[in-house]
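Below: one structure, written as structure tokens.
Every number in this text was worked out from the coordinates using simple rules, so none of it is lab data. Since the model is a prediction, treat every value here as computed from it, not as a measurement. Every residue, glycine as well, gets a Cβ built from its backbone with ideal geometry; the counts of neighbours run over all protein chains shown.
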Amino acid sequence: MSASDILVLAETPRGVLSGIVAELLGAARRLADATGGHVLAAVLSADGSPFVSGLQAADRILVVNHPSLAEYSPELFLAALQAVIQAETPRAVLVGSTSIGWDVAPLLAARLNAPLVLGCQQASIEDGQVRATCSLCGGKMLANVRIQEAPAILMILPGSFTPATSTGKAQVEPVSPPADLPAPDGARVAFRQWILPPPGDVDITAQTVLVAVGRGIQQKENLEPIQQLADLLGGAVCASRPIVDQGWLPTTRQVGKSGMTVKPKLYLALGISGAPEHVEGMSGSDLIIAVNTDPKAPIFDVADYGVQMDLMDLVEPLTQAIQAKKTT
Amino acid sequence: MKIAVVIRHVPDLIEPLEVDSTGKAFDLSSAAFVLNESDDHALEQALLLKEKHGGSVTVLSIDFGDVDNSLYAAAAKGADQILKLLWDDPNRSPSPQQAARMYAEVLRSQGPDLVLVGVQAPDELDGVLSAELAVCLGWPYVGVVRGVQAADGQSLLVCKEFPGAVMAQYEVRLPAVLGILGAEQPPRYVPVSRIRAAMKSTQIAEQEAAVPAEAARVEVDQLYPPAPAERAEMLTGSPEQVANRIAALLEEKGLLR
């Protein structure tokens with residue numbers, strides 16, 4: 001145990017090591033190199049052994065096994081993670097900006113009265129202080145922050161850090177769960193079941209062309225010409241969160257942190273500002289063309305080509321121009 | 001079921017965001033404010049629960065960012081009681097930690113079964129109000145929630161969103177705090193005429209809550225907009241010119257078949 005160690009929460013929803021954990025380990029290694037400490041990975045599970053091979057970039061893998069940790073539940077996981085933190089007293093705790101992270105990181109900070117930063121894109125340790133650059137306001141602002149107290153809890157945005165390479169020498173150590181950890185059914189928040197999306201809708205992760213719409217579409221009726229454009233391109237229509245929240249498209253069409261991750265050959269982003277949560281799900285596309293009225297929209301940071309224009313002014317001429325190209 | 005909903009006004013991201021002379025905080029003196037989107041969904045979820053299972057909905061807000069309009073809109077949508085907590089600095093919003101303590105003080109005396117709060121606000125940097133509030137009250141918490149149903153008088157069935165349009169369903173014992181990402185249906189539209197009527201008929205109760213001292217554990221050194229985009233090549237011209245250019249690009253890359 002050392003106050004210079006960096007602890008990573010290795011989350012495993014539905015029995016799969018979350019993709020962001022490799023990035024967290026990469027960030028943790030950079031910080032640990034600065035402190036001279038070790039990289040610790042905490043796995044909270046009914047049986048953590050299947051995840052050990054994916055955590056070999058850590059120095060130590062702390063495995064908390066308990067039947068109550070078979071599926072994620074905020075209270076139970078928080079209690080188990082708190083036990084690890086109390087035993088290890090790390091300098092910083094790195095948590096992904098994920099569905100689980102959005103519970104665990106703020107609850108942990110509030111319980112421990114510890115400093116928390118959200119939307120962390122860069123992190124370093126200088127003069128004993130954790131320094132971070134964080135994204136806020138949907139990526140329209142950045143904040144450089146400094147944290148003196150330990151443990152600093154950093155919620156890391158996916159895509160911000162290079163994944164760590166495996167050393168293959170991580171030491172696996174069992175950690176006793178809290179003695180009073182309730183049985184799964186005894187918890188105030190008890191997992192009941194996973195609910196999978198209904199089958200039958202278009203699988204947007206399998207499409208080579210996606211026409212994505214965001215808040216700039218303004219009304220549901222505007223989806224019709226956009227669907228025609230997508231049909232012409234042999235693709236499908238997908239969306240950012242506000243469109244799904246409005247009920248204009250099903251959740252199976254949502255791209256981003258809590259939706260789908262897509263990597264089409266063409267991603268035509270219409271009226272999407274490019275909040276980090278959306279970019280996370282589409283930045284791996286081969287060609288990104290973005291249309292937005294706001295010249296400062298963060299989507300232009302990830303797009304290959306940008307157009308500053310109202311999307312509805314462009315859709316019809318674009319449909320005609322593509323139609324013309326296809327018929328010649 | 002007695003439901004409390006916390007709503008906040010936040011800077012409108014459509015408008016330019018200004019930084020004050022310290023370079024470390026927003027200049028909110030001329031900012032436009034809007035209802036925080038996930039709080040709007042929290043209100044909708046509360047109204048849906050009330051319609052389905054009965055009970056009452058109380059909407060609480062700290063008096064910041066011209067929030068009255070949204071409070072009257074909440075009344076017009078069907079909230080039973082509106083409560084505003086006094087706050088005397090128009091240029092600085094309370095931190096999530098301060099706000100949580102203020103709301104907790106009031107909620108302890110109100111005694112709701114359920115508190116719904118939007119899971120995120122765009123200007124939150126060093127705390128999440130919904131989770132802070134749950135810890136202050138000592139109540140169970142689930143965030144990133146996209147649907148709530150009453151299971152029985154003692155508990156709720158709550159859907160938490162995961163990637164890939166997957167949900168995890170939890171049974172949550174009451175009283176509880178939920179961080180709402182989205183309601184089961186879009187926030188309802190309320191005509192301006194009904195909001196005007198609510199302005200005449202609704203009494204916004206005002207209450208003082210002790211404002212805890214700010215204990216910033218995260219020091220902001222600089223707040224700034226990101227450097228202008230460099231990656232995208234901007235296509236300019238009339239819509240027809242831009243459309244032809246995009247069509248040519250797609251043809252060149254073999255994407256028109």
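Key figures
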read-out: Choice from B:PRO186, B:PRO226, B:PRO90 showing the highest fluctuation, given a GNM over chain B with Cα pairs closer than 10 Å; value: B:PRO226
read-out: Percent antiparallel among DSSP beta bridges (both partners in the protein assembly as shown, rounded to 5); value: 35 percent
read-out: Kyte-Doolittle mean at least -1.0 and Cα axial length at least 20 Å: DSSP H helices in chain A; value: A:20-35, A:74-88, A:311-327
read-out: Rg over Rh, two decimals, chain B (C-alpha only, Kirkwood Rh); value: 1.05
read-out: Alpha-carbon centroids, segment B:127-194 and segment B:224-257: separation in whole Å; value: 41 Å
read-out: Of the GluC sites (Glu not before Pro) in segment B:191-257, those whose Cβ has at most 10 other Cβ within 10 Å and which sit in DSSP loop; value: B:GLU214, B:GLU230
read-out: Under-5 Å amide H pairs with A:GLY306, H placed in peptide plane, nonlocal only; value: A:ALA290, B:GLU233, B:MET234, B:LEU235
read-out: Among the listed pairs B:LYS160/B:LYS253; A:LYS263/A:LYS296; A:LYS140/A:LYS257; B:LYS77/B:LYS160; A:LYS263/B:LYS52, those beyond 29 Å (Cα-Cα); value: B:LYS160/B:LYS253; A:LYS263/B:LYS52
read-out: Alpha-carbon centroid distance for the pair segment A:17-31 / segment B:1-36, whole angstrom; value: 32 Å
read-out: Cα centroid separation - segment A:234-284 against segment B:57-75, whole Å; value: 31 Å
read-out: Two-decimal log10 I(q)/I(0) for segment A:164-214, as the Debye equation yields it once each C-alpha is a single scatterer, q = 0.16, 0.20, 0.31 Å⁻¹; value: -0.85, -0.86, -1.23
read-out: Anisotropy class of segment B:122-257 from Cα gyration tensor, a/c 1.5 cut; value: prolate
read-out: For segment A:270-328, diffusion coefficient by Stokes-Einstein and Kirkwood Rh (Cα), 10 °C, 1.306 mPa s, µm²/s; value: 129 µm²/s
read-out: Tail fraction, Cα-Cα pairs, segment A:1-132, threshold 25 Å, whole percent; value: 16 percent
read-out: Charge tally in the Cβ shell below 12 Å around A:GLY128, where Lys, Arg are +1 and Asp, Glu are -1, A:GLY128 excluded; value: 0
read-out: Residue with peak Gaussian network fluctuation, chain B [Cα springs, cutoff 10 Å], from B:THR202, B:THR58, B:THR22; value: B:THR22
read-out: Zero-based 10 Å bins, Cα pair distances in the protein assembly as shown, whole percents; value: 3, 17, 27, 27, 18, 7, 1, 0
read-out: Mean projected area in nm² (Cα convex hull; one quarter of hull surface) for segment A:82-201; value: 11.8 nm²
read-out: Percentage relative contact order, chain A, counting C-alpha pairs under 8 Å, at least six apart; value: 15 percent
read-out: Rg [Å, one decimal], Dmax [Å, integer] - chain A, C-alpha atoms; value: 22.0, 74
read-out: With Cα atoms, 0 to 90° folded angle of helix B:192-201 axis to chain B main axis; value: 20 degrees
read-out: Gaussian network model of chain B, springs between alpha carbon atoms under 10 Å - residue of B:ILE246, B:ILE62, B:ILE14 with greatest fluctuation; value: B:ILE246
read-out: Test item: B:152-160 mean partner chain Cβ contacts at 10 Å; value: 2
read-out: Residue-by-residue Karplus 3J(HN,Hα) for segment B:154-159, coefficients 6.51, -1.76, 1.60, Hz, glycine and proline x; value: 9, 8, 10, 9, 10, 9
read-out: DSSP-defined antiparallel bridges as percent of all bridges, chain A, nearest 5; value: 20 percent
read-out: Antiparallel %, DSSP beta bridges [both residues in segment B:2-208], to 5; value: 40 percent
read-out: Binned Cα-Cα distance frequencies in segment B:1-118 - 10 Å width, integer %; value: 13, 44, 30, 11, 2, 0
read-out: Relative contact order, percent, segment B:2-208 [alpha-carbon distance under 8 Å, six or more residues apart]; value: 26 percent
read-out: Simple label model, 7 Å out from Cα along Cβ direction - A:ASP286 to A:ASN113, nm; value: 5.7 nm
read-out: Cα-based reach from A:LYS325 at 16 Å (exclusive), listing aspartates and glutamates while leaving out same-chain residues under 8 positions away; value: A:ASP231, A:GLU316, B:GLU240, B:GLU251, B:GLU252
